[in-house]
1. If you take every residue apart from C:Arg236 with its C-beta less than 10 Å away from the C-beta of C:Arg236, what net charge results, scoring Lys and Arg +1 and Asp and Glu -1?
2. Tell me the GluC sites (Glu not before Pro) within segment B:194-267 that lie in a loop according to DSSP and have at most 15 other beta-carbon atoms within 10 Å.
3. If amide H atoms are built 1.01 Å from N in the plane of the peptide, which residues on other chains or at least 5 residues away come under 5 Å of the amide H of A:Leu15?
4. Regarding chain B, what is the average projected area of its C-alpha convex hull, in nm²?
5. Could you order the peptides A:97-109, D:95-107 from most to least packed, using the average number of other C-beta atoms within 10 Å per residue?
6. Taking only DSSP H segments of four or more residues, each worth -39500 (n - 2.57), what value at 222 nm results for the protein assembly as shown once the sum is divided by all its residues, to the nearest 500 deg cm²/dmol?
7. Looking only at other chains, what is the average number of their beta-carbon atoms within 10 angstrom of each beta-carbon in D:20-33?
8. Enter the angle in degrees (range 0 to 90, nearest 10) between the Cα long axis of helix D:23-32 and the first principal axis of the Cα atoms of chain D, meaning the one along which they spread out most.
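The values are calculated or read from the model by the stated rules, or taken from the named source; none is laboratory data. All of these numbers come straight from a predicted model, not from anything done at the bench. Cβ: placed from backbone, ideal geometry, glycine included. Neighbour counts: every protein chain shown. Note: accessible area is taken over every heavy atom of the protein model, side chains too, but ligands, DNA and RNA are not part of it. Shrake-Rupley method; radii C 1.70, N 1.55, O 1.52, S 1.80 Å.
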Number of protein chains: 4
Amino acid sequence: MRTHLRSLLERPGVLRLAGAHNPLGAKIAEHVGFDGVWASGLEISASFGVPDASILSMTEFLDAARGMAESVAIPIVADCDTGFGNADNVQHMVRRYEAAGVSAVSIEDKCFPKTNSYLEGNHQLATIPDFCDRIIAAKSAQSTSYFMVIARVEALIVGRCISEAINRAHAYADAGADAILIHSKYPTWEEIKAFAKSWDSSRPLVVVPTTYGATHFSKFGELGVRIVIYANQGIRAAIKATTETLAEILSSGSCESVEQHIATLETVFELQGVAPYLHSPLLSASVDSHR
Amino acid sequence: MRTHLRSLLERPGVLRLAGAHNPLGAKIAEHVGFDGVWASGLEISASFGVPDASILSMTEFLDAARGMAESVAIPIVADCDTGFGNADNVQHMVRRYEAAGVSAVSIEDKCFPKTNSYLEGNHQLATIPDFCDRIIAAKSAQSTSYFMVIARVEALIVGRCISEAINRAHAYADAGADAILIHSKYPTWEEIKAFAKSWDSSRPLVVVPTTYGATHFSKFGELGVRIVIYANQGIRAAIKATTETLAEILSSGSCESVEQHIATLETVFELQGVAPYLHSPLLSASVDSHR
Amino acid sequence: MRTHLRSLLERPGVLRLAGAHNPLGAKIAEHVGFDGVWASGLEISASFGVPDASILSMTEFLDAARGMAESVAIPIVADCDTGFGNADNVQHMVRRYEAAGVSAVSIEDKCFPKTNSYLEGNHQLATIPDFCDRIIAAKSAQSTSYFMVIARVEALIVGRCISEAINRAHAYADAGADAILIHSKYPTWEEIKAFAKSWDSSRPLVVVPTTYGATHFSKFGELGVRIVIYANQGIRAAIKATTETLAEILSSGSCESVEQHIATLETVFELQGVAPYLHSPLLSASVDSHR
Amino acid sequence: MRTHLRSLLERPGVLRLAGAHNPLGAKIAEHVGFDGVWASGLEISASFGVPDASILSMTEFLDAARGMAESVAIPIVADCDTGFGNADNVQHMVRRYEAAGVSAVSIEDKCFPKTNSYLEGNHQLATIPDFCDRIIAAKSAQSTSYFMVIARVEALIVGRCISEAINRAHAYADAGADAILIHSKYPTWEEIKAFAKSWDSSRPLVVVPTTYGATHFSKFGELGVRIVIYANQGIRAAIKATTETLAEILSSGSCESVEQHIATLETVFELQGVAPYLHSPLLSASVDSHR
């Protein structure tokens, strides 16, 4: 049975989520002990070899998230960019993600099409009323009580001040957002700290320490943050290792030197879950009547 | 413009292909200098978190291969298991893979549903006439001259002798196969050597040195092998690195110690091909009439 | 909230299901008053323009069924051919269909790949133990109590006698099948009548009156049949009407003469459910604080 | 071999295209003699049971268009709404549609997300520079010479005057559009006539006579129109026929009265193309050596 994010938030402590782009990544995150999986827009876009700039459609993000939900028991939180359009798109999105077994969606207060927050570019913030419409639409579309809508505040990303970020977060909470993801690409956790100290609402805070990843997660917990998302380290590890391994095979002319640096086939088979399958010839042993 | 496998085979030398399961992996293989990509059934199944036992359907394998073909210029060779059924399925398969931009498909002489060759299990070889039907169907369904059908011989995998493998390979070549993949899970290259020395046909040989990967690829070339496929080392590197990185983040409580072992965000962006996109605001500079 | 087939079976009377191949067809079936939808393998294959001979994969059938489940509140019963392989494939299938919101799956006792029951061809019946394995696998894979597995008996289709059909149905019921679909392509309901009169089990019977469609459904009810599936009349109506309308537009040179024979745009919009969407600009009217 | 739209335009006369939403519809259009297929956004949205308001993503529209291209030899012209976002999205779109075998795409000068042109609503026209960017992006992304980009002018739909429509059409032609689709929902062809008489460019005109469908296509030809698209009559015929047939089955209690109004199973099988498949057992007759 799936555990949902809302249940995990009922107990004290900081939850840690790992980014993933396919069921395999979700299984690894679950296996090593993460509390949940972040179906990362950056990771999924990268796995398709396209920019994280609203190039992939909701369909591809949804299929990836559904595959993860079908593969692990820990909650899936889906990075849903801007909500893929306006409030109508958001309603459609929530119905589909909820049906896919996802525990929460995160939508950010930028305009479609968006650009990845870590890229220079023409980041366009949505107006507060426009984004509140999307939140209201999202909350009105969900059909279960556990499903959560996380509002992601991009104000700091585009260079706005802490007070605008706080103002927006309050508006989003009032519109019904179940949690606030305050996003920052500052090289230290100073922005997050300033924001968190000004945050006087009971809505839980979510952070994504990519540029300020050196901060220990317990520090975020002391600020009242409830969820810490390690959003893209998994795929970045995979890219480096795959690149180096393939390059080494080419340059050395064989697999001899890479063998010790890669998972065994047995590990691959274990992650694939070979065990529960492949037993069918035995199943019918006890059913012999009427033959 | 895409280069096809058949063109590469016209020049002398051994071609080396790397396994991949998504466009990102194909891009890495191309980037480090591989001659082509093997759209690996094991890798794709693993990425979906399911056993490599005909659990995924042709649709999922095809979508993965199409995405790779759309992302790189080097040829894609698709691992198509048994052909996904009988000769009718094979015809459908060839039409779809060819339309997807794939340069060659490989089908193996087992019965559907199959089990991964490296797993113990109830491997069932197809009869020679049955498998020849699939080859004939495949060749009759292609619409371009460059497309290739590779027949994969599993005789050695299931414990049959070299002479049966040779016999089968000849029958498949006579039925129209453009190349023969002789598969072995022997811990050294002895089986491959014995097979290659008995092979007196002009049809090129293909090998997959997973268990006998310590052999230098030039050794295979001396035997007359034209294509060497490093079928799963890429994902195995990714699995180990992702697992260790995520575990380290959990145990250390931050990203500090993993940062130096993972690709930078800039590397991710480069692989995503950010450059060709994101320039649109400039495009219209020269179009101002009629406004 | 979705009503499931099992709930409907708890009240007396005959349930009638209509075949469909997409959400639009499911909506029409619900709109005119059918009790449920049959996600028809023949209809879905036809909509893709390919033979109903295991050419489409589970993925395409599943996507179609999921779309229907997301579009209507009446139960979806999915035609799952042979189960798409062996017992391992069936387990995978049940997990995916159940997660997609489908209320029941039907699997038939033929071997993969199958051919449509109404086509001459090399229909190959599964052995009883083999098919019971698939049923056991299916039942062991479901996670909710409402989900149903319908075993479809093809013995009469391939020319076997009533007693073999009964024998098989009993074996399937003993293996756990929740209902028995007894299939016949006899031009009258005589075969069905003979089978039903010999059926002494409490497992409900399902029939598909395509060749014997002149029989009133209440007659089936008198035999103890609980579910009658009108499996393909919807798409057959669509094919005839679309063909005639398009031909008339070509020959007459305009739409004038066809206009009265086709649905209005307003009807199309109603079926698309325009109403619940497209209202977003009003949503935020009551949320103005913090702006 | 596929015929492309550009080839058909090289000979004189008016081309007629029929709307379709799946391969079956495309096959019917080809069978009755249409020159090409319009992969209609309205039809595809309707088949999924969702509003034609950018609710479906490019992925779903593309999959439908690819399926059609794989099923017929006549050209497919894809209705691509607004291009699914900005110029970056349009480049991605063109690459994918061209790879899918589509002969031309049509993009309209509205903002994403759009609303169907026949619905009242908040239709927002793009600025000319913005839309020219999309056209330039589209043309720069294509890789073959036959591929065409059709610019669809929505000025008349949103109540602008003929001269603005002409002005926009010229700007789009200058930006590289290969053809101009002038859209009108006026109940007669007066708007189209006025536009066509003012059109002094060599770029071919395209019209979609849904509301003014009573006009004979030769009249459009006399105005210099080269392509007439009957965009949605096919699905409207299907909806009416399916609804009436299913309702009749329910009310009459059997299929007796509908049987004569629906296509036979044989017709369904013919459209599925049963013939080319299902012959495999004979294929190997001539291959008996080495067994």
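1. Net charge in that neighbourhood comes out at -1.
2. Those satisfying the criteria are B:Glu256.
3. When sequence neighbours closer than 5 places are left aside, the close amide H contacts are A:Ile227, A:Val228.
4. 20.0
5. My ranking of the peptides, most packed first, is A:97-109, D:95-107.
6. -12500 deg cm²/dmol
7. 5
8. On a 0 to 90 degree scale, this one is about 90.
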